[in-house]
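The values are calculated or read from the model by the stated rules, or taken from the named source; none is laboratory data. This is a predicted model, so every value here is computed, not measured. Glycine gets a Cβ as well: all are built from the backbone with ideal geometry, and neighbour counts include every protein chain shown.
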Amino acid sequence: MPFKKGNTINKGRKFSKEHRERLSLSLKGKESSRKGVKLLEETKLKISKANKGKISPRKGAVLSEETKEKIRKANIGKKIPEKIKIKISQSLKGRKFSKKWKRKISESNKGREGGFKNKKHSIETIKKMSEAQKGEKGSGWKGGISCLPYSVDWTETLKRSIRERDNYICQICSQYGNNVHHIDYDKENCNPNNLITLCRSCHTKTNNNRKYWINYFFKKYE
């Protein structure tokens, strides 16, 4: 039967696996009649509403290595249009992933080489990243406490004595350390019991998840 708008003859109809395979073979190598056709915004909205709440038929489908390789080759050299990048960015803005989802992402990326390995950001990108993390916009913003002055007791003599006490050994990784860290993050508390030696890398690491590190050191030295 020729196509006619409003025709509902196939509505709700389910094709057998054999039928789907025949359709697939008959269309193999043929160019889609819809290729290059741009949908109206109204049509896109209708499709979006019609699919709202429905589970994708592809959910749970596992791609074969052959299919993955085909997709990879088809996308080599292709650049995502800025319009699409903005849409993706907006759709993910403020989104929080569950622990289960984070674990899945972690497992799926295990053993893979990072996409940014051996790549360098452009000067423009570095500036953008820097601006995005400045002041209150930064993910590590603590109300400006990093700008608070140190105690008058915070001298080079005191720092040297802490390094010598710890034999210039980082108290986390046991490698060479030259940074002196306040366990409770209080710059006014320069009691030697509140100061330890860390390497530069571990000292940077302790700037995040402060509650964890306070408990870590208190348990270690109690």
Give the range 94-112 a look and list any residue that's within 12 Å of the chain's Cα centre (by Cα) and over 25 Å from Leu63 (Cα atoms), or say none. Arg95, Lys96
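Looking only at the range 202-222, which residues are surrounded by 14 or more Cβ atoms within 10 Å (Cβ to Cβ) and part of a helix (DSSP H, G or I)?
Quick first cut of the range 202-222, residues surrounded by 14 or more Cβ atoms within 10 Å (Cβ to Cβ) only: 202-203, 205-206, 213-214, 216-217.
Residues satisfying the conditions are Cys202, His203, Lys205, Trp213, Ile214, Tyr216, Phe217.
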Could you tell me how many of the residues in the range 180-193 are closer than 18 Å to Tyr216 by Cβ and surrounded by fewer than 18 Cβ atoms within 10 Å (Cβ to Cβ)? 5
Subset of the range 62-75 [part of a loop (DSSP other than H, G, I, E, B) and more than 15 Å from Ser108 (Cβ to Cβ)]: Ser64, Asn75
Please find, among Ser151, Ser146, Ser139, the residue that is of a type in the set (Ser, Thr, Tyr) and either modelled with pLDDT of 75 or more or on the phi > 0 side of the Ramachandran plot (or both). Ser151
